[in-house]
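The values are calculated or read from the model by the stated rules, or taken from the named source; none is laboratory data. All values reported here derive from a predicted model rather than from experimental measurement. Because the Cβ atoms are built from the backbone with ideal geometry, glycine has one as well, and the counts that use them run over all protein chains shown. Keep in mind that these areas ignore ligands, DNA and RNA; they rest on the heavy atoms of the full protein, side chains included. Shrake-Rupley method; radii C 1.70, N 1.55, O 1.52, S 1.80 Å.
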Amino acid sequence: MNWKTIFDPENDFFRTLSHMVDIVGLSLLWFFCCIPLITIGSATAALYSTVLRCIRQEQDFSAYLHFFRGFVGNAKIGSILTVLCAPLTLLLWYGLPRLAFLGSNGDVLSAIFFYTWQFIGFILLSYACLLFALLGRFVFSLKGLLLTSLQLMIRHLPSILLCGAITYLAIALCWNFWYPVLFLPALTSLLLSFLLERIFLRYAPEKERNQSDTSDS
């Protein structure tokens, strides 16, 4: 038995343990950074980038330092996007329960509106997944980010809708049970990265594609 290998911090066991600790730490960091509400966008973009670079690709720098750099760097555009999303989010949040109540009492029109509203909300949630992931990965103007996200969603609709479904499930679990917030935010970002990076790397510069292939191998 090679004791040096067992206690080597670079072996698979300690690397996996380190990633698990980072998933919990980054999830809690994301949660607390979202408390002001207006910072949800920049925190989500920073979380995606950090999970991709520091957990999935295992690049050699501090995950928490990388998160804060992304959080501060994306603060302006992230806050604007959060404000833009807020009115529609409130309409969905307060409108759906009322429409569901009316629909359950036999109001056919309310039932139709309820399912239509749900569908719109799901499409927008899927779009937001792509939007904030792009913000964390690349440098865009606000207009360029919105248009690029829309174009990519149209071209890769099944993958983006799957991202929306994964995110919706994570939100539902965190909302109904408090403890998934300890790990689901970062774990969800990790799962989304396997879908979104396949899309992003089709349009990324060749240098970045080569770096990604090296990191994932």
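Here are some notes:
- Solvent-accessible area per residue, Å², over region 134-201 with all protein chains present [probe radius 1.4 Å]: 54
- Paramagnetic reach from SER141 in region 33-77 [backbone N under 20 Å; point 7 Å along Cα→Cβ]: 74-77
- Low-density loop positions, chymotrypsin sites (Phe, Trp or Tyr not before Pro), region 167-196 - DSSP coil, at most 13 other Cβ in 10 Å: PHE177, TRP178
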